[in-house]
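The values are calculated or read from the model by the stated rules, or taken from the named source; none is laboratory data. Owing to the predicted nature of the structure, the values given are computational and were not obtained by experimental measurement. Cβ placement follows ideal geometry from the backbone for every residue including glycine, while neighbour counts extend to all protein chains displayed.
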Amino acid sequence: MRLLISALSLILAASFASAARPEPSPTSSGTEVDSKVKKEVVAMEEQLGLAIAKRDIPVLEKMLADHYFDAFSDENALSRANTIARCKAGLLSFLAIEKELHLSPNVEGIVVEGLSRSRPTQSDDRAPEEQWIRIRRLWAKKDGRWLLMSQLRRRTDEEDKSGKDK
């Protein structure tokens, strides 16, 4: 009887663990994202940009995963709550990928990466000149909908420095 209870406990624990993982992304091969998934993820990128531009907090809350984080270079990462608060205050800007857009499958979902131009704002005269930022976002499909899991941003001049060190 103890063996049966232990086996059932183990099966339940395994099923809960698998339910917490994002759904695997459907891809035609191991390295390419199929066209349907690509269209869905690109549409989510556009919807994210609109939600941030319009400060549409309910939509943004639905798009960001519970454990979402946004990291920029060596600075501390922003949590989901901090990101939403920045959006409410009008301090959050969306960096749309303008060059070198690439989607690739990942164990957790789909990675979207490329380059975005960061423009200085008129309200901050100390803002640096326009520069290119490398963006990497991870989208995962969970319960039939796409969620943004993370965003990593890095200045391209940091890549140049790290490439010289190697």
Please find, within region 28-80, the residue that is modelled with the highest pLDDT out of those that are of a type in the set (Ser, Thr, Tyr) and surrounded by fewer than 16 Cβ atoms within 10 Å (Cβ to Cβ). 79
Could you give every pair whose Cβ atoms fall below 6 Å, whose first residue belongs to region 120-139 and is at pLDDT below 50, and whose second residue is among the aliphatic types (A, V, I, L, M) and not in a strand (DSSP E or B), counting only separations of at least 6 or pairs across chains? 121/127
Is one or more of the residues making up region 5-22 at pLDDT below 50 and surrounded by 13 or more Cβ atoms within 10 Å (Cβ to Cβ)? yes
